[in-house]
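The values are calculated or read from the model by the stated rules, or taken from the named source; none is laboratory data. What you see is a predicted model; the values in this text were computed from it and never measured. Neighbour counts run over all protein chains shown; Cβ positions are idealised from the backbone, glycine included. For accessibility, only protein heavy atoms count, side chains too; no ligands or nucleic acids. Shrake-Rupley method; radii C 1.70, N 1.55, O 1.52, S 1.80 Å.
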Protein chains: 2
Amino acid sequence: MKSSQKAQFRKVKILSMGKALASQKLSFGGQARYRLGNGQTILDLAQQAGEQALRAARLTIRDIDCIVCAMATPLQAIPCNGALVHERMAKGLGIPSMDINTTCTSFISALDVLSYMIASGRYNRVLILSGDTASAALNPNQKESYELFSDGATACILARAEEGEDSAILYSSQKTWSEGAHDTEIRGGCGLKPAFCLNEGNQEDYYFDMKGPRILKLCAKKLPSFLEQSFKETGISRRDIRLVIPHQASKALGVIMPRLGFPAGTYIDLVSEYGNLVSASVPFALCKTIEEGKIQRGDLALLLGTAAGLTANLMLLRY
Amino acid sequence: MKSSQKAQFRKVKILSMGKALASQKLSFGGQARYRLGNGQTILDLAQQAGEQALRAARLTIRDIDCIVCAMATPLQAIPCNGALVHERMAKGLGIPSMDINTTCTSFISALDVLSYMIASGRYNRVLILSGDTASAALNPNQKESYELFSDGATACILARAEEGEDSAILYSSQKTWSEGAHDTEIRGGCGLKPAFCLNEGNQEDYYFDMKGPRILKLCAKKLPSFLEQSFKETGISRRDIRLVIPHQASKALGVIMPRLGFPAGTYIDLVSEYGNLVSASVPFALCKTIEEGKIQRGDLALLLGTAAGLTANLMLLRY
């Protein structure tokens with residue numbers, strides 16, 4: 001690492017993770033997708049993932065200093081998702097909760113932001129919950145997106161790394177290019193176009209809408225230099241990275257990653273098995289990778305993703 | 001300040017602020033309220049406030065390292081508010097944007113979180129935009145809330161304080177007590193109850209719903225010890241504080257503040273003039289207080305607020 005980037009070094013550690021999939025399993029052309037079962041909500045899945053992460057770290061919720069929801073979509077317009085998850089997991093306790101949102105890369109953003117609070121000593125352990133129910137707004141007439149998404153949730157406990165431990169965030173970077181602000185959206189239901197404005201003529205505005213080719217074009221234009229700048233600033237090269245954990249955006253992953261210099265085998269691709277889990281996509285892949293032993297303590301992982309915005313997030317994480 | 005609290009000290013400075021009110025002025029029983037004019041959106045107000053803050057700091061958007069939307073309510077379910085404001089103010093630039101949300105106290109949370117990123121050197125200057133359009137979801141049948149809220153937006157540029165400057169965040173604290181998660185809510189329109197579920201029998205679920213007496217009871221139970229703990233931890237007393245900038249929650253402000261040991265004159269009360277501006281409430285009052293010279297550089301201000309959740313935020317800010 002170059003000395004100029006030492007300011008970014010944060011001595012933090014992923015203590016444990018958890019994950020939960022919606023119970024209904026579907027298949028579209030051989031690709032498995034998961035959708036909420038009857039009566040199931042994203043809160044059930046978040047709680048399940050959260051409790052799994054706590055058990056794995058041999059902690060209880062009382063050991064957590066802050067609960068962060070890093071989800072792409074609001075569960076209610078008010079209160080924030082953090083308060084609703086808090087009610088499930090920490091009711092009666094005063095643990096602070098908040099939402100951090102950069103849509104599909106919210107998990108990387110939350111890791112990034114909270115790592116500074118942990119490294120500085122403000123918090124010791126933070127529980128970061130991600131997850132969305134894309135199925136709540138999928139448009140059956142837009143096959144490309146209707147057959148892509150899954151519902152699920154993940155949890156991650158981030159803590160300070162002890163002396164002598166290698167775990168750290170070495171570097172992270174985010175960019176937003178709002179030329180793509182309307183390439184991925186749900187226009188209706190919230191402040192700009194409330195539910196009351198829904199009528200027979202504008203139903204499409206209340207569904208998830210994805211302009212795939214436009215997104216791919218903007219990504220192809222922006223991602224290579226975003227990545228190269230990070231490698232240049234850190235002095236880290238592709239060879240130093242054990243595995244890339246990309247956002248499982250779509251089947252195009254297999255096209256984009258090699259173009260970014262990551263051939264098959266150097267990155268995790270779970271699109272056919274799980275689809276795009278929105279904000280849970282990156283942490284789900286990270287959790288699975290850790291569970292399967294593909295990343296060991298001390299290994300360098302690159303978390304990389306694009307989100308509605310268009311936002312791109314990147315993090316060099318020594319697990 | 002006690003030595004144990006030095007870890008919390010962040011050498012940051014509010015460079016400038018801006019504010020914008022919706023254009024339609026109403027009056028309820030002599031209390032002034034502001035609501036969006038025809039065709040006006042919260043994005044117009046956020047942009048106006050943001051440009052005012054940039055002018056006041058003699059900066060352009062290119063001098064900003066991160067755009068943060070600290071708003072209580074989503075404008076669209078996707079993308080995040082940050083991307084939509086970015087489109088207005090920073091389209092074509094790669095400045096990162098994100099949302100930080102603790103409902104009505106989102107501004108304090110964003111100041112809190114971003115101050116760590118600035119103090120560590122990750123970012124030099126951050127633009128924090130707050131603001132909501134409560135009017136999009138007010139229920140004409142719930143007079144208490146219908147006549148309370150105003151639409152408006154604020155902007156704040158937070159930067160590192162220079163050597164020799166007194167400006168700093170000395171301490172901040174947040175708590176969430178989710179016993180109050182359903183005392184302030186908009187249940188419908190988003191993931192848990194999408195717009196498509198709206199029917200004639202459940203319209204109330206898509207309106208803002210506030211259970212005033214329940215919130216007051218929970219605040220009365222929790223706030224005194226929340227405040228005393230902060231005074232105890234910092235060694236700072238009420239005498240050291242030049243002015244308290246509370247969230248302008250409701251007319252009950254005049255009852256609650258004296259009970260918390262802040263008699264009239266020691267805190268800002270703008271409820272009759274502007275009502276509750278939701279996430280813009282605290283920064284609007286802070287901006288006005290600074291504009292009127294009631295807080296000078298070096299003065300200690302206490303930002304204090306409660307939010308749906310129930311969440312409470314507190315910050316000791318040396319302006």
Item checked: Neighbouring partner chain Cβ atoms per residue of B:81-91, average, 10 Å criterion -> 6
Checklist line | Rounded to whole Hz, the Karplus (6.51, -1.76, 1.60) HN-Hα couplings of the range B:16-27, x for glycine and proline | finding: 6, 9, x, 8, 8, 9, 4, 7, 8, 9, 10, 9
Note to self: Taking the square root of 5 times each eigenvalue of the Cα gyration tensor, what semi-axes in Å does the equivalent ellipsoid of the range B:151-193 have, largest first?
What the structure shows: 36, 17, 9
Next item on the list: In nm to one decimal, list the spacings between the A:G164 label point and its equivalents in the other copies, with label points set 7 Å along Cα to Cβ, shortest first.
Entry: 4.6
Next item on the list: Starting from the Cα gyration tensor of the range A:13-52, take the square roots of the eigenvalues, sort them a ≥ b ≥ c, and report rounded, prolate or oblate (rounded when a/c is under 1.5, otherwise prolate if a/b is larger than b/c, else oblate).
Entry: oblate
Checklist line | Residues whose placed amide H lies under 5 Å from that of A:D132, excluding near-sequence neighbours | finding: A:G152, A:S279, A:A280
Note to self: Heavy atoms only, 1.4 Å probe, whole protein assembly: order B:E233, A:E228 by accessible area, highest first.
What the structure shows: A:E228, B:E233
Notebook entry, point to check: the range B:149-265: Rg/Rh from Cα coordinates, Kirkwood Rh?
Noted result: 1.06
Notebook entry, point to check: When the helix-only estimate is applied to chain B (DSSP H runs of n ≥ 4, each -39,500 (n - 2.57), divided by the residue count), what is the mean residue ellipticity at 222 nm, nearest 500 deg cm²/dmol?
Noted result: -8000 deg cm²/dmol
Checklist line | Computed over chain A, Kirkwood Rh from alpha-carbon pairs, angstrom | finding: 19.8 Å
Item checked: Kirkwood Rh, angstrom, the range A:56-198 [1 / mean 1/r, Cα pairs] -> 17.1 Å
Item checked: Derived scalar couplings ³J(HN,Hα) [the range A:170-185; Karplus, 6.51 cos²θ - 1.76 cosθ + 1.60; whole Hz; x for Gly, Pro] -> 8, 6, 8, 8, 10, 9, 10, 10, 6, 4, x, 4, 10, 7, 9, 7
Next item on the list: In debye, nearest 20, what is the charge dipole magnitude of the protein assembly as shown about its Cα centre with +1 on Lys and Arg Cβ and -1 on Asp and Glu Cβ, if you could check?
Entry: 1360 debye
Check: Once you average over the residues of A:180-189, how many Cβ atoms of partner chains fall within 10 Å of each Cβ?
Finding: 6
Check: With +1 on each Lys and Arg Cβ and -1 on each Asp and Glu Cβ, how big is the dipole of chain B about its Cα centre, in debye rounded to the nearest 20?
Finding: 760 debye
Check: To two decimal places, what compactness ratio does the protein assembly as shown give when its Cα radius of gyration is scaled by 2.2 N^0.38 Å?
Finding: 0.89
Notebook entry, point to check: For A:C197 and B:R55, FRET efficiency with R0 = 35 Å and r from the beta-carbon atoms, rounded to 0.05?
Noted result: 0.50
Next item on the list: Principal axes first, then extents: for the Cα atoms of the range A:211-289, list largest minus smallest coordinate on each axis, whole Å, largest first.
Entry: 34, 30, 21
Check: Which of the lysines could a cross-linker bridge to B:K211, judged by Cα under 19 Å and excluding same-chain residues fewer than eight apart?
Finding: A:K91, B:K143, B:K221, B:K222, B:K251
Note to self: When the expected Rg is taken as 2.2 N^0.38 Å, what fraction or multiple of it is the alpha-carbon Rg of the range B:104-186?
What the structure shows: 1.45
Next item on the list: Provide a whole-number value for the mean count of partner chain Cβ atoms within 10 Å of the Cβ atoms in peptide A:118-126.
Entry: 3
Checklist line | Most positive-pole-ward Cα, B:S172, B:H182, B:P246, against dipole of the range B:162-302 from beta carbon charges | finding: B:H182
Check: Placing +1 at every Lys and Arg Cβ and -1 at every Asp and Glu Cβ, with all other atoms neutral, what dipole size does the range B:87-243 have around its Cα centre, in debye to the nearest 20?
Finding: 300 debye
Notebook entry, point to check: R0 = 25 Å: FRET efficiency of A:D299 with A:S272, Cβ-based, nearest 0.05?
Noted result: 0.50
Next item on the list: Treat each spin label as a single point 7 Å out from the Cα along the C-beta direction, and report the A:N124 to B:V255 distance in nm.
Entry: 3.9 nm
Checklist line | 13 Å reach of a label modelled at B:S225, 7 Å along Cα-to-Cβ, counting backbone N of the range A:80-106 | finding: A:92-95
Notebook entry, point to check: For B:F196, B:F284, what's the largest-to-smallest order of accessible area, 1.4 Å probe?
Noted result: B:F196, B:F284
Next item on the list: In whole Å, largest first, what are the principal axis extents of the Cα atoms in the range B:32-77?
Entry: 32, 27, 19
Notebook entry, point to check: What is the distance in Å between the Cα centres of the range B:256-309 and the range A:186-224?
Noted result: 37 Å
Notebook entry, point to check: So what's the convex hull volume per residue for the Cα atoms of the range B:1-108, in Å³?
Noted result: 176 Å³
